[in-house]
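The values are calculated or read from the model by the stated rules, or taken from the named source; none is laboratory data. Remember, predicted model here, so these are calculated numbers, not experimental data. So basically every Cβ, Gly included, is an ideal-geometry build from the backbone, and we count neighbours across all protein chains shown. We work out accessible area using only protein heavy atoms, side chains counted, and drop any ligands, DNA or RNA first. Shrake-Rupley method; radii C 1.70, N 1.55, O 1.52, S 1.80 Å.
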Amino acid sequence: MNNCPIGVFDSGVGGLSVFSELIKLLPDEQYIYFGDTKNLPYGNKTKEQLIEITTGIFDFFESKRVKAVVMACNTTSALTYDYLKNKYNFKIYPIVQSVSKQIAMENYSSIGVFATNATIHSHAYKKEISYYNPDVNIFETACPKWVNIVENRLFEDEESISNIKQLVEEMLLNNPNKIILGCTHYPYLLNVLSRFAPENIFINPAKCFAEFILKDLNNNHLLNTSGVKIQPEFYVSSNPAQFISSSKLFYKVDKIKEICLQKILCNKT
Ligand code: DGL
């Protein structure tokens, strides 16, 4: 079992911000990455739709005989993990639940959260962090336009910059010690975000998440010991060329396969 692959998924290139930390910390693992570009943005979908989508992805990973699935997606971690956690025979690592304890332990008095509509409305970060540190004030802001900015590389687009500026400035009025980038796409925006707030105010949970996974795999004797280096496999549900060009900041993908897992949702668009 320990030499089986690890599945990693997100709606698109966002999960590569997590994947890039995983391969640094766990270079001996074999990875299968799935970017569900056909169904993005996840942040505007209902819980029922997200469960259907995530089930399709988990079934795909099950067919690939993975030992673990990394939910490198805050939205599905927040909305589907509780439903899916006992339904599969492999380890499941949801990003929100895996990093919140560590963030809470830093004893900040106030924390901002930027995330998708669905994550913000679930209050997942607020619930998880307050569980470990009830005294912290948490300010949540949905940023529904940001995933599209990243996927389409609109980093210099005037409207995009003014939307980012407005949301950062509004958040700063709360005087947060730190602001969590609670969507894996948002670290791609750090260059723009840091024009309006000091870069070190932003928490990219990816590194802390990778450390959590390393520790847990180790504790469960699940680290790969084969000594065989296998290249990661990449899959998307549509538009592989766009994925390849948008991926570059965190990981340069050059070979990718297109597959459709969730027939119903894929056929709707
Ligand atoms: N990047 C994902 C997240 O962390 C999903 C973004 C989306 O597709 O809306 O929430």
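Scanning segment 185-236 for residues that are of a type in the set (Val, Ile, Thr), open to solvent by 10 Å² or more (accessible area, probe 1.4 Å) and modelled with pLDDT of 95 or more yields ILE201, ILE203.
On the stretch given as segment 124-140, residues that are within 14 Å of the ligand (Cβ to nearest atom) and either without any contact (Cβ under 8 Å) to a residue 40 or more places away in the chain or among the polar types (S, T, N, Q) (or both) total 1.
Applying the criterion of at least 2 residues that are more than 14 Å from the ligand (Cβ to nearest atom) and among the acidic types (Asp, Glu) to the helices (runs of 4 or more DSSP H) found wholly in segment 1-108 leaves 47-63. Residues considered: ILE57, ILE53. Of these, the only one that is in contact (Cβ under 8 Å) with a residue 60 or more places away in the chain and under 25 Å from LYS248 (Cβ atoms) is ILE57. Only one entry in GLU128, GLU169 is at pLDDT 95 or above, open to solvent by 10 Å² or more (accessible area, probe 1.4 Å) and within 20 Å of THR75 (Cβ to Cβ), namely GLU128.
Close contacts from segment 73-89, counting a first residue that is modelled with pLDDT of 95 or more and a second that is within 16 Å of the ligand (Cβ to nearest atom) and among the basic types (Lys, Arg), with Cβ to Cβ under 9 Å and a gap of 6+ residues or different chains, come to THR75/LYS45; LEU79/LYS45; LEU79/LYS47; THR80/LYS47; TYR83/LYS47.
Search segment 183-210 for residues that are more than 24 Å from GLU158 (Cα to Cα) and pair each with any residue that is open to solvent by 40 Å² or more (accessible area, probe 1.4 Å) when their beta-carbon atoms are under 6 Å apart and the residues are at least 6 apart or on different chains. As it stands, the answer is ILE203/LYS178; CYS208/GLN102; ALA210/LEU25, since those pairs meet every condition given.
Screening PRO144 with (1) in contact (Cβ under 8 Å) with a residue 24 or more places away in the chain; (2) within 16 Å of the ligand (Cβ to nearest atom); (3) in contact with a strand residue (DSSP E or B) (Cβ under 6 Å, 6 or more places away or on another chain) gives one miss only, at (3).
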